[in-house]
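The values are calculated or read from the model by the stated rules, or taken from the named source; none is laboratory data. Given the structure is predicted, the values throughout are model-derived calculations rather than measurements. A quick note on method: Cβ atoms are made from the backbone with ideal geometry, for glycine too, and the neighbour counts reach across all protein chains shown.
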Amino acid sequence: MEKIKKIGLLIIIIMACSVSNAQKIFSVDYESQADIKVFVVDYESQADLKVFKVKYESQAVNNEGKWFFVKYASQAKKKISFVKYESQADLKIYFVDYESQAGWRTSSKKSLMY
């Protein structure tokens, strides 16, 4: 019985860790409040990351470009600021229409979202 409790606790810890890596995003009003400055490009080929906005927090797992926008900054894994000019950005993104299209085009920028 004790072994079952330990296994159950291990499963809960693993699940909690995977949720903590979720791409929960909050858009701030000022660049100074942001962890990352983001520019939305016009074409997929210009992007570092192709982003799909998911409807539910549970769909935004790992660092795969599936973003869930939270209501409050305290809930976010990353706070972003959308900038006017590409040269101001740390990360260039392109919003895709389908979840299967989401992902990194420039793997060297992956660390920005951890």
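Using the structure shown, decide if residue 81 is small (Gly, Ala, Ser) and either in contact (Cβ under 8 Å) with a residue 40 or more places away in the chain or surrounded by 13 or more Cβ atoms within 10 Å (Cβ to Cβ) (or both). Talk me through it step by step, then tell me what you get.
Details: small (Gly, Ala, Ser): yes; either in contact (Cβ under 8 Å) with a residue 40 or more places away in the chain or surrounded by 13 or more Cβ atoms within 10 Å (Cβ to Cβ) (or both): yes.
In short, yes.
Can you name every residue in segment 84-102 that is touching a residue at least 12 places away in the same chain (Cβ under 8 Å) and among the polar types (S, T, N, Q)?
Scanning segment 84-102 gives 88, 101.
Filter segment 39-78 down to residues that are of a type in the set (A, V, I, L, M) and more than 22 Å from residue 29 (Cα to Cα) and give me whichever is modelled with the highest pLDDT.
Checked segment 39-78; the qualifying residue modelled with the highest pLDDT is 47.
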